[in-house]
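Have a look at the structure below before the remarks.
Just so you know, all these numbers are worked out from the coordinates, no wet-lab data involved. Just so you know, these numbers come straight off a predicted model, no measurement behind them. Positions of Cβ are generated from backbone atoms using ideal geometry, with glycine treated the same way; all protein chains shown enter the neighbour counts.
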Amino acid sequence: MPLFNAKGESLGFDLGQWLSANGKVTITPSANGKAKISAQFSKLRPSASYSLFENHFDKQPVGFTPLDGAGKDNNFHSDKKGVARVTLTAPQMLTHANAVLLVYHSDKTFHGEQRGEIGVTAHHQLIARIPE
């Protein structure tokens, strides 16, 4: 089944390809209450633009901030096989009130501290809530 954005424009791939993406995130405490985040992904869109964001489930409505806190080191491209590895420092240790969110940018543009236009240029692909 082909996928389209919220404006009815083709995304150029199908639901099976979208759902096959997977990843692993490792969070390690570091100095001054910060956290080292190491993430690896496979079966992403080849040569595509992605960002990592932090979900804040303890806020209403749920909030989103760049995982690096600034919207600079949280952006990356997958390689031509759809594989990506990224390491960054989060400004604080994540808790169960948070999740790591992988955002696909169908416009191939990073949006700094914002995710982009949800459903149009920014698409939540994977999310992992921090265990208790």
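Sort out which residues of region 105-119 are of a type in the set (D, E, K, R) and either touching a Pro at 6+ places or on another chain (Cβ under 6 Å) or closer than 14 Å to THR65 by Cα (or both), and write them in order of number.
Looking only at region 105-119, we keep the residues that are of a type in the set (D, E, K, R), and these are 107-108, 113, 115, 117.
Across region 105-119, the qualifying residues are GLU113, ARG115.
Those residues that are under 14 Å from the mean Cα position of the chain (by Cα) and of a type in the set (D, E, K, R), I need them from region 85-116; list them, please. Let's see the steps before the verdict.
Start the filter on region 85-116 by keeping residues that are under 14 Å from the mean Cα position of the chain (by Cα), which leaves 85-88, 90, 98-106, 108-116.
Correct list: ARG85, LYS108, GLU113, ARG115.
Name every residue in region 20-75 that is more than 21 Å from GLN92 (Cβ to Cβ), touching a residue at least 24 places away in the same chain (Cβ under 8 Å) and in a strand (DSSP E or B), in order of residue number.
ASN22, GLY23, GLN40, PHE41, SER42, SER49, TYR50
Of the numbered conditions (1) in contact (Cβ under 8 Å) with a residue 60 or more places away in the chain; (2) closer than 21 Å to SER10 by Cβ; (3) not in a loop (DSSP other than H, G, I, E, B); (4) not basic (Lys, Arg), VAL100 fails exactly one; give the number of that condition.
It is condition (2) that VAL100 fails.
Checking ALA99 against (1) surrounded by 20 or more Cβ atoms within 10 Å (Cβ to Cβ); (2) under 24 Å from ASN32 (Cα atoms), which test does it fail?
(1)
If you take the residues in region 117-132 that are closer than 19 Å to GLY23 by Cα and assigned to a loop (DSSP other than H, G, I, E, B), which one is farthest from the chain's Cα centre (by Cα)?
Out of the qualifying residues, it is PRO131.
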